[in-house]
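The values are calculated or read from the model by the stated rules, or taken from the named source; none is laboratory data. The structure displayed is predicted, hence computed values, not measured ones. Positions of Cβ are generated from backbone atoms using ideal geometry, with glycine treated the same way; all protein chains shown enter the neighbour counts. When the accessible area is computed, the model is the full protein with side chains, heavy atoms only, and any ligands, DNA or RNA have been set aside. Shrake-Rupley method; radii C 1.70, N 1.55, O 1.52, S 1.80 Å.
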Amino acid sequence: MDQAKPCLVTISDEGLGEVYRLNDKTTYIGSHEDSDLILKMRGVGEKHALIKIIDNEVFVTALEENLVLMADEVIRGSTRLREGAKIEIGIASFKFRFFDDEDERYHKSLRQLAIRDGLTELYNARFFSDALSKEHEYGFRKGSSLALVFMDIDHFKEINDRFGHAFGDFVLKSLAELLTTKIRGYDLLARYGGEEFVFLVREESEASVGELAFRICNDIRGRVFNHAGIRAQITVSIGYHWWNGLDRNVTAEDLLRLADDNLYIAKGRGRDQVVPGKNDLIVAKELKSS
């Protein structure tokens, strides 16, 4: 039987169910990139806490006057972690557990069920919302840009009514596979609901985000979906919003609303297009420079 290893299991909403196996001797926790366990979220210091394993016992210490709570009380000095103990670091909450490989696989499968869409295997709307909040906060700290790209399949109900739901499901899965090839490994793609998909694009220029949106729109227009003897072509409408990471009046909810508003403008203009379009970008840049 595999030997059980000390782990932290996320029990707060963001990252719910995620399991972090602790290092054999020391695990540094914080928002800094050099941390062993990186938590880029509110209330987490660059070097927030240290977990050490000494003679098979596990101890946690708050670093640099940061707060670590255990059982809702502030820990003082090096404190032993016991099986099932709850600790809080910033807005993140964890349970301390000993897991073997089978336990980890089980929790990983549960987490995948919680964060993935069953049909397309893309991230679901709940995971996307959590990620957006996290990335928006990171953008504030670093002054790095963030863009949301919303995409909706045009007349998808008619596709289902004409060809059947099996073909509609095939289109959704095929689109998910296609869209996955369009993003970088550190960007995020989710099925937001029904026939709507959303991209979260990190640290990219406004022009590059626009090029991505137009490329997706054009590639889908030219694709033939072939399944069970049915061949059909579809179009999509895309709305996006780019944020420079510097305007602190823009919230994560604003980004979501502005990108979604642009999607509905695209659909209202006749579908099969991108908003902001090329002319919209030219006008926006002229207004900014005037």
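Calculate, in nm to one decimal, what Gln3 and Thr251 gain on full extension: separation in residues at 0.36 nm each, minus their alpha carbon distance.
Extra length from Gln3 to Thr251 when fully extended: 84.7 nm.
Between Thr26 and His165, what is the label-point separation in nm under the 7 Å Cα-to-beta-carbon projection?
5.7 nm
If you line up the long axis of helix 278-289 against the longest principal axis of the chain, both from Cα atoms, how many degrees apart are they, to the nearest 10?
Approximately 60 degrees, to the nearest ten.
Using Cα-Cα distances under 8 Å and only pairs 6 or more residues apart, what relative contact order does the chain have, in percent?
Working: 520 pairs, mean separation 42.7, N = 290.
Relative CO of the chain lands at 15 percent.
Please list Tyr186, Tyr192 in order of solvent-accessible area, largest first, computed with a 1.4 Å probe with all protein chains present.
Ranking Tyr186, Tyr192 by accessible area, largest first, yields Tyr186, Tyr192.
Which pairs break 31 Å Cα to Cα here: Lys157/Lys182; Lys134/Lys173; Lys95/Lys173; Lys108/Lys173?
Lys95/Lys173
Could you quote the convex hull projected area for region 137-236, Cα atoms only and averaged over all directions, in nm²?
If I average the Cα hull's projected area over directions, I get 6.7 nm².
Multiply the residue separation of Glu65 and His227 by 0.36 nm, subtract the distance between their alpha-carbon atoms, and state the gained length in nm to one decimal. Before the final figure, lay out each step's value.
Details: separation 162, 0.36 × 162 = 58.32 nm, distance 6.07 nm.
52.3 nm is the gain from fully extending Glu65 to His227.
Work out from phi, with θ = phi - 60° and the Karplus expression 6.51 cos²θ - 1.76 cosθ + 1.60, the ³J(HN,Hα) of each residue of region 33-50, listed in order in whole Hz, and give x for Gly and Pro.
Ordered by residue, 3J(HN,Hα) equals 4, 7, 5, 5, 10, 8, 10, 8, 8, 4, x, 9, x, 4, 10, 8, 8, 10 Hz.
So what's the net charge close to Glu196: Lys and Arg +1, Asp and Glu -1, counting the other residues with Cβ under 10 Å from its Cβ?
Neighbour charge sum, excluding Glu196 itself: -2.
Working out 0.36 nm times the residue gap between Glu46 and Ser109, then minus their Cα-Cα distance, what length gain in nm do you get to one decimal?
Full-extension gain reported as 19.6 nm.
Can you work out D for the chain in µm² s⁻¹ from Stokes-Einstein, where Rh is the Kirkwood radius over C-alpha pairs, the temperature is 20 °C and the viscosity is 1.002 mPa s?
Taking Rh from Cα pairs, D becomes 100 µm²/s.
Can you run phi through the Karplus equation (6.51, -1.76, 1.60; θ = phi - 60°) for region 148-153 and list ³J(HN,Hα) in whole Hz, with x for Gly and Pro?
So the J values, rounded to whole Hz, are 10, 10, 9, 10, 10, 6.
Can you give me the C-alpha center-to-center distance between region 1-70 and region 195-239, rounded to a whole angstrom?
39 Å
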